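To start, the structure itself, in structure tokens.
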Amino acid sequence: MLVLMARNLWRHPLRNGLTLAGIAVAMGVMVCIVSFGDGYRQALRGELDRAGVQMMLVPLGCPYDAAVRVLKNQTLENSLPASALVAVRRDPAVAVAAPLLMAALPRQNDRRTDLWVGLDDTALQLKPWWQVRAGQAWFNHAHDVILGSDAAALEMRVPGDKLYSPEIKQEFRVASVLNRSGTSDDSVFFVSLATAQQMFAQSNRLTAIAVRLKDPTLQREAATRLQRIPGAQVVTMTEMMGTFLNLLGAVRTLVLAVASIAMMVSALTVLNTLLAAVLERANEFAMMRAIGASRAQVFGLLLGESMALTCCGGVAGAGLALVAGSPIEALAKDWVPLTPGGSLLSISPSTVLPCFLLILGVGALAAVYPAWRAARLPPALVTKLG
């Protein structure tokens, strides 16, 4: 039976090859999308966990966009009054309240934008990855700057060197260089909060306040009180993560719908291929019935050919996902806003197996009608066709 199936599939290599290619593309896209969704969820949860922040006080506007921009050291159009920091630190549920002031300095000649962040030492309690590679642990002078690892490499500076910023016409001394953390801090220029407020003419203003609570169970009560601060709004990391996972779910549903259409087209291709085989091999099936083959055996032969075709397509699709995963991931990142850094695509057996079983199910379903038609051919047909 296996030899017969293999011989029948080899009769039309081009037609069956195109069918196999369609199955492989559908399988590969689905594996990549499922893997990207899982990787996005894990990376987003990891970034929020590493931040050590349970809630964020941001200016009025879109709270989720503002919170994510703060976590990624990006600027905001609005700011908070410094008095908001006093109110936050007075709240009985707050353990740490770290003020942040962020600004971007475009460098037209170098075609890049430098990110400057002003902070005080309370921010260190929320940055477990903050480790000094070389130099002093903190700012000793108003014009000290601490460089992330990538920023130091870009500027080619080491502790003790001078760093001149032509955009603000100020000179700084490199106090230290941080170890690589894998976060957005790697590309940042850090200065003291007071220095940043003076540099960017933001006296008594803040971009955001990162908050850690004494007890996470007090989050709702604390958020209700902090929400009353004028000009500010509160976003919890739990709410933010839920919002972005919902966004991912919507995008993933859309892309999976596209992949499902591709799989349906593949199923129709399998159906068409098998129907053509039934018409071409009607005499052969009638002969098999005449010499004693049962309807179940004829049905099983067509079903087996379909399963073999879809099985080969599924294996090829898994290989295609490994080869073409990076371009598909880059395309998916363009569709999903504010994606975490690094590679999000992690193709594993737990991802491939459900997709593989699904493609086998599609192949089996597509084979039912052609196999039924082949099994219904009467043995007497051999005399009519002969």
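Assorted remarks:
- Residues in the stretch 70-104 that are over 29 Å from the mean Cα position of the chain (by Cα), crowded, with 17+ Cβ neighbours inside 10 Å, at pLDDT 90 or above and among the hydrophobic types (A, V, I, L, M, F, W, C): A84, L85, A87, V88, A93, V94, V96, A97.
- The set of residues from the stretch 276-289 being crowded, with 16+ Cβ neighbours inside 10 Å and assigned to a helix (DSSP H, G or I) comprises A277, V278, A282, E284, F285, A286, M287, M288, R289.
- Filtered residues of the stretch 348-358 (kept if modelled with pLDDT under 85 and crowded, with 19+ Cβ neighbours inside 10 Å): T351
- Any hit, the stretch 115-134, residues being on the phi > 0 side of the Ramachandran plot, in contact with a strand residue (DSSP E or B) (Cβ under 7 Å, 6 or more places away or on another chain), small (G, A, S) and touching a residue at least 12 places away in the same chain (Cβ under 8 Å): no
- Filtering the stretch 146-171 to residues that are assigned to a loop (DSSP other than H, G, I, E, B) and under 32 Å from the mean Cα position of the chain (by Cα) leaves only G148.
- Every condition in (1) basic (K, R); (2) at pLDDT below 80; (3) surrounded by fewer than 20 Cβ atoms within 10 Å (Cβ to Cβ) is met by R220 except one, and the failing one is (2).
- Across the stretch 163-198, the qualifying residues are those that are farther than 26 Å from L85 by Cα and of a type in the set (F, W, Y), and the one among them that is modelled with the lowest pLDDT is Y164.
- Among the residues of the stretch 122-145, those that are over 17 Å from Q198 (Cβ atoms) and either assigned to a strand (DSSP E or B) or not assigned by TED's automatic domain parsing to the domain that holds A98 (or both) comprise V132, R133, A134, G135.
- The stretch 223-237 residues that are more than 10 Å from V88 (Cβ to Cβ), paired with ones that are at pLDDT 90 or above and β-branched (V, I, T) (beta carbon under 7 Å, 6 or more apart): none
- Within the stretch 90-121, the residues that satisfy the criterion of being over 22 Å from K214 (Cβ atoms), among the charged types (D, E, K, R) and not in a loop (DSSP other than H, G, I, E, B) are R107, R112, D114.
- Residue check: L226 meets all listed conditions (1) within 29 Å of the chain's Cα centre (by Cα); (2) over 19 Å from L163 (Cβ atoms) but one, namely (1).
- When we screen A208, A151 for residues that are in contact (Cβ under 8 Å) with a residue 24 or more places away in the chain, touching a strand residue (DSSP E or B) at 6+ places or on another chain (Cβ under 9 Å), under 30 Å from T224 (Cβ atoms) and surrounded by 22 or more Cβ atoms within 10 Å (Cβ to Cβ), the only hit is A208.
- Complete set of residues in the stretch 198-227 that are over 15 Å from P59 (Cβ atoms) and in a loop (DSSP other than H, G, I, E, B): F200, A201, S203, K214, D215
The values are calculated or read from the model by the stated rules, or taken from the named source; none is laboratory data. Here the structure is a predicted model, which is why all the values come from computation and not from measurement. Quick reminder, even Gly has a Cβ in these numbers, built from the backbone with ideal geometry, and neighbours come from all protein chains shown.
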